[in-house]
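*Asks:* Take this structure, written in structure tokens, and hold onto it; I'll ask about it next.
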Amino acid sequence: MSNVLVYSGPGVSSSALHHTLKTLKTLLPTYDVQTVNAKTLALDPWQQSTSLLVLPGGRDLPYVEELSRTHYRSDSSATTAAAGTARGEKAYEKVVEFVEQHGGSFCGICAGAYYASGHCAFELGSPIQVDGARPFLRFFPGTCSGTVYPGFVYESDKGARIVDLDLVRPLPDAPTPSQAERGVDAAKRWRCHYNGGGAFMDADSFRDMGVEVLVRYTAPGEEALELELDIDLNATAPAEAGRAPTQLPAKKPAYAGQAASVLCSVGKGKALLFGTHPEFPLLPWSQAVQLSASKDQVVGPDSQDASQAQRKQAELLHHEKRRLTWLRDVLAERLGLRAELPDWVVQGDAAKAATAVTGTTVPDSGEPKLLPIIVTSTDSRSFSTTLEALRQVATKNAAVVSHLSTESISQDGLQRDLIGSFKDSNDSIHLYRATGETADRLFQLCRSASYDAFSKPVLLSNKDAAVNDASDAPAEQEKEVDLDSVPKYLLCYPGQGGDPDLPDPTLLPHWNIAEYRRYLSQFGDAVKQLENEDGNWARWTRHGGGGGGGAGMSHFFGAGWAGSSSLGGSGSADPSSIRVGQTTLYGEMVTSTQTMLDKNFRFLSAFPVGTTFFATQQMSGRGRGSNRWISPRGCLQFSSVFKVPLEMAAKTVFLQYLSAMAIVEGIRIALGPTAAGREVASKIRIKWPNDVYAEVPIEGDDGEGEGEGAAAAAAPARTATFDHKGKRYAKMAGILVNSQFSGGKEFVLISGCGINCLNSRPTTSLLELVQLHNRSRPGTDADRLEEVSQEKLGAAILRVFESMWKTFLGSGGDFGPFVERYRRMWLHSDQEVVLGADALGGDGEAVKLGSAVDEGSKVRIVGISSDHGLLRAVRVGSSVTTWDERAWSSSSSRGGGYGVDEVIELQPDGNSFDMLKNMVRRKA
């Protein structure tokens, strides 16, 4: 997962920020779009995980002040700085480094474009003029001068308008009726909002410096056409019958034909700058269009000339499609991002367009609806216990819980199969016994639902002035859907009393439960063979346990420990009975598998250890920190439930390591025991602490030819890659572990995994690795690999996970059984790195065993402590290596083991490898 960061510090207009976030989330649904402040830009290591940084509309002068402010890492920064012992960091310097050195992309809009230019010239000769150099980013080396249109007034929207611009590269399209009447070149015209922005003066003269003009303000001679197309956002009186809306003054002559948008090549990266506001929607009913304007005057349906109003609406819909299409093309083709159009644009469905505005019937961009969650199990007896536990949870916590449609629930007779409803900490949940009829009706209910009742107002500013230093004026009201408040429907398939044990396959087009079950059973033998390989976890015998559990566990766990029972109560005391992936939940479209389990403990308490929640797509997918995104199809996503006794609380750190190992070993099993399968599996490695990367060809060296290769060559450039020891690696999987105290004698752990199985770039996937392998062996069918389905991969990973987890519990939480395999899988054996000044241990600094190690020292990674899971490093000249047993021993055993060799231990929580810089540092 790659980030898109949007600056949200002083100077940013709240309405510009809101629409910037919405447009980016619409066009970049598989990226984590989040806000960021100047201190984070200055101090945190965000560059490696970020694809695009955006400086939105607002006020230029606060940007100058805030982004130039010096930030220090220490709380005692003033003293440190005065003593001259620390160098402060400035946000704008990190932005330049991100673009020039890391090859990142930058987008500046209106005030962001003024700031990113070499010189800002605003309203020269007026009382509010701003005229000065901007020696900070200088992505556009010339002057950004404005306002292009007259009428700008502080603390208002006077001067705001919708304008037509000229595309340098035409976007083929049929003309609207108005354009046809006037003979306008429809392919050349592009419409968007404007308010106080500038033009990039004489941009063509900077062509040799990497500046390309993308859009121009209309040329001289086209003013009359432009005036007729402009929409005045500030008129307050309705238009009289038969009279055209008030016309705005034309653009200032000096700006006709000047650049409205430029793309600048800067070092290894790109900077996309706009003098206009392309982030605001053009839909006729959007508040951005209706702001301070009479509907009758602009697009109102109650106009005396209804046909004219309808034509206005149709034309704005047409231009909204062009706005999104052109922006998608620029983001994808010029910045190399994985950009997508919303369904209503692709399908040309005007009815769906009506639902694409926040606050109507669905979230912005026509996102799909949340669908019912399917609950099944391969063990009917265990599932009966789970259903009874769910029924008790619903009874004990009974509450009046809203439905998507009360009328549909009562009319369709769905109340008959209702097990219970309750409100948990995060979600409202309805439980249904699944019959064929009930399942069909619930899916229909969810697909046709209106989300109006679950929308919340968003406070927005009604100004977007480039250098406005006044406080925000009263805000316009828009709404966005709170997906957590939308009720969740669960369909339980007990397979008893004539009820089906599986849903109709037509309801689940992207997940085959029967196929998953078949592979889960089939891979039992493969995992047993894996356990018996030399150096594997099941052959480890230091504690006399090993062997995957059984009698070897009884000495550690008391009879009261609940093992495989539901998380909230009694059951088998034998952890060897744990079955990972036996009880499953599945949703084609959910909020977040991690949130549903982690934030609803009453709901979670009804399920046994090993329960796994799969999803095809997540609308609020969760990653480390605050990362959220809409996940792409083809990514295998699941969250599994585990727990450990209170005595093992300190061992929970190891679950992320075991999760990564299970992914790597599971891929190996899914690919099969052939030489080809082993070859592809060997390319997949662990990046500490919680990522899985795959070796990929360096661009231009992938052996691609015609057909598949040509398609791959046209794919977006890879992101989240690094080079290590002469090889290139791309991110293939990520892991998130959450833990909570159950209130009894256990800690409950949720391991969330996302593996790129079938999805394409911007990183890589198992499918791509298989295709690359097959292309390298043309005509040798015996050595070709089959595509691995998500069901097959999921079953293989969970089978491995089950074996590893039992061994982990049997060893008392010692990582020793897994050292040999982990050492072969990870990327960091004897890797020389720099210890970053912000690499944190539990007490706020690196844990050092021995004499002090200066921050910034070069050290060598050797292993992980087997008792606490801390990353171990030694001085470069130390005799300890990765293959030394001391590198992986417990911290308590170091007494006579290291001698004079010094060891530094780093916690995985909060630290990560910056592989581009060969540095261990705090994770953003």
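No lab work stands behind these numbers, since they all come straight from the coordinates. A quick note: this is a predicted structure, and the numbers were derived from the prediction, not measured. Every residue, glycine among them, receives a Cβ derived from its backbone with ideal geometry; neighbour counts consider all protein chains shown.
*Asks:* Cut-off is 10 Å between beta-carbons; in what order do F722, F383, F613 appear when sorted fewest neighbours first?
*Replies:* F722, F383, F613
*Asks:* Another one. Once R0 is set to 51 Å, what does the formula 1/(1 + (r/R0)^6) return for the Cβ-Cβ distance between S485 and S205, expressed as a FRET efficiency to the nearest 0.05? Present the calculation step by step, with values, prior to reporting the outcome.
*Replies:* On the way: r = 54 Å, r/R0 = 1.06.
The computed FRET efficiency comes out at 0.40.
*Asks:* Between E533 and K745, what is the label-to-label distance in nm when each label sits 7 Å out along the Cα-to-Cβ direction?
*Replies:* The modelled label-to-label distance comes out at 3.7 nm.
*Asks:* Turning to a different aspect of this structure: Taking 0.36 nm per residue of separation and subtracting the Cα-Cα distance, what length does fully extending D830 through R391 add?
*Replies:* Values: separation 439, 0.36 × 439 = 158.04 nm, distance 5.37 nm.
Extra length available between D830 and R391 comes to 152.7 nm.
*Asks:* If you don't mind, another one. Rounded to the nearest 0.05, what FRET efficiency do D783 and V346 give with R0 = 25 Å and r taken as the Cβ-Cβ distance? Could you check?
*Replies:* Given R0 = 25 Å and the Cβ-Cβ separation, E is 0.05.
*Asks:* Okay, next question. Along the Cα→Cβ direction, 7 angstrom out, place labels at R633 and A187. What is the inter-label distance in nm?
*Replies:* 3.1 nm
*Asks:* Now, a different point. So how much slack lies between S265 and D504, counting 0.36 nm per residue of separation and subtracting their Cα-Cα distance, in nm?
*Replies:* Result: 80.7 nm gained on full extension.
*Asks:* Skipping prolines and chain starts, which residues have an amide H placed within reach, meaning under 5 Å, of the one on V211, given they are 5 or more residues away or on another chain?
*Replies:* Answer set, sorted by chain and number: S265.
*Asks:* Need one number: nm distance between label points at R678 and V153, each 7 Å from Cα along Cα→Cβ, rounded to one decimal.
*Replies:* In this crude label model, R678 to V153 measures out at 7.9 nm.
*Asks:* Further, regarding this structure: Efficiency by 1/(1 + (r/R0)^6): what FRET value for E333 and N37, r their Cβ-Cβ distance, R0 = 35 Å, to the nearest 0.05? Don't skip to the end; give the middle numbers.
*Replies:* Values: r = 31 Å, r/R0 = 0.88.
After rounding to 0.05, the efficiency reads 0.70.
*Asks:* How far, in nm, would the chain grow between K456 and S402 when pulled straight, counting 0.36 nm per residue and subtracting the alpha carbon separation?
*Replies:* Values: separation 54, 0.36 × 54 = 19.44 nm, distance 1.59 nm.
Result for the pair: 17.9 nm of gain on full extension.
*Asks:* Quick query: amide H of K687 versus all other amide H atoms, modeled in the peptide plane; which residues come in under 5 Å with a sequence gap of 5 or more or a different chain?
*Replies:* V692, Y693
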